[in-house]
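The structure under discussion appears below in the form of structure tokens.
Every read-out reported here was derived from the displayed coordinates using simple, explicitly stated rules and does not represent laboratory data. Here the structure is a predicted model, which means the values were calculated and not measured. Every residue, glycine as well, gets a Cβ built from its backbone with ideal geometry; the counts of neighbours run over all protein chains shown.
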């Protein structure tokens, strides 16, 4: 019994080491740099009907060199205050970031009246990649 | 081998056509210079306004067409954001040298109760004497803010009050199009970069 328990512990430790090793050493993919948030057509009508439509999270996390461009699009048929700006129908707003920092924007769409954009530095070292993946995992769990 | 005059003229025209086509293609292929500010696509006409100018008389956006306008919103009692923004704009304009004369900074108050034309003139002159302030009736200023999606909220502070407001600066090109919005905290160099692009268009 004791031997079996040790065997399971060993397998678990190996698995953990594998996951941590991958998270720290595997490279991060560099695809499209834009993080897109769009107001779909009909949003205004849904809001008028009392539907609480929440499109833009109050906190957005970006990473330099990976997804460091915030792209907001208004696909609705009326002007919309979207994040930090007012967008006309069919208009987009493309905001690039070059410095890792925390940015605060006034935003009437959120109850706090603010929207936070956290721009992380590019995860160049194994430790940074580990932290970056952990933060992404936490953000994904939060958004569920 | 000898060419006749007609052949030469044909050759000359063909070479000229090819050169023109190459030049056009290279212009089409060239990526437009990217701004560091957030860009509106497609750009629309910047909403106009008619306010009281800190320099006296009427302040309109139309009057400054032909210049690149940097439009901000704030108030003279602002403890941090407005002085920082205005100092950055003054530095950027200075760094542009002679080109800076083609840049007009307009700062519209979110606190008309305290910011009359004279107070704005004195305050803005501390940063750059060419900066213009805009003030007016509260409803006039609210209407301008709404057109730009700018927020302003009065908050009590002890016996007085402060005004929380949007802190970005709008970039309006020579033709009067609202091209971009620079978030608070960007450096004078970022402004210089974008202003050079807009001024050279």
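Here are the numbers for this structure:
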item: Sites residue B:137 and residue B:55, calculated FRET efficiency, Cβ-Cβ separation with R0 22 Å, nearest 0.05; result: 0.75
item: Linear extension gain, residue A:138 paired with residue A:12, 0.36 nm per residue minus alpha-carbon span; result: 43.2 nm
item: Fewest-first sequence of B:168, B:50 by Cβ atoms within 10 Å of each Cβ; result: B:50, B:168
item: Nitroxide proxy distance, nm - points 7 Å out along Cα→Cβ at residue B:162 and residue A:53; result: 3.5 nm
item: P(r) tail fraction, the protein assembly as shown - alpha-carbon pairs more than 25 Å apart, %; result: 63 percent
item: Helix A:2-25 vs. chain A, principal-axis angle (Cα, 0 to 90°, nearest 10); result: 40 degrees
item: Largest-first principal axis extents of the Cα set of chain A (Å); result: 68, 35, 26
item: Per-residue [θ]222 nm for chain A (sum of -39500 (n - 2.57) over DSSP H runs n ≥ 4, rounded to 500); result: -11000 deg cm²/dmol
item: Region B:62-195 - Debye-derived log10 I(q)/I(0), Cα point model, q = 0.12, 0.16, 0.22 Å⁻¹; result: -0.43, -0.79, -1.51
item: Order of A:6, A:44, A:132 - criterion: other Cβ atoms within 10 Å of each residue's Cβ, fewest first; result: A:6, A:44, A:132
item: Order of A:142, B:196, B:93 under a 10 Å beta carbon neighbour criterion, fewest first; result: A:142, B:196, B:93
item: Degrees between helix A:126-143 axis and first principal axis of chain A (Cα, 0 to 90, nearest 10); result: 50 degrees
item: P(r) tail fraction, region B:101-158 - alpha-carbon pairs more than 14 Å apart, %; result: 59 percent
item: Inter-site label distance for residue A:104 and residue B:45 at 7 Å from Cα along Cβ, in nm; result: 3.7 nm
item: Additional length obtainable on full extension of the chain from residue B:33 to residue B:114, 0.36 nm per residue less Cα span; result: 25.0 nm
item: Gap separating the Cα centres of region B:123-142 and region B:179-195, nearest whole Å; result: 20 Å
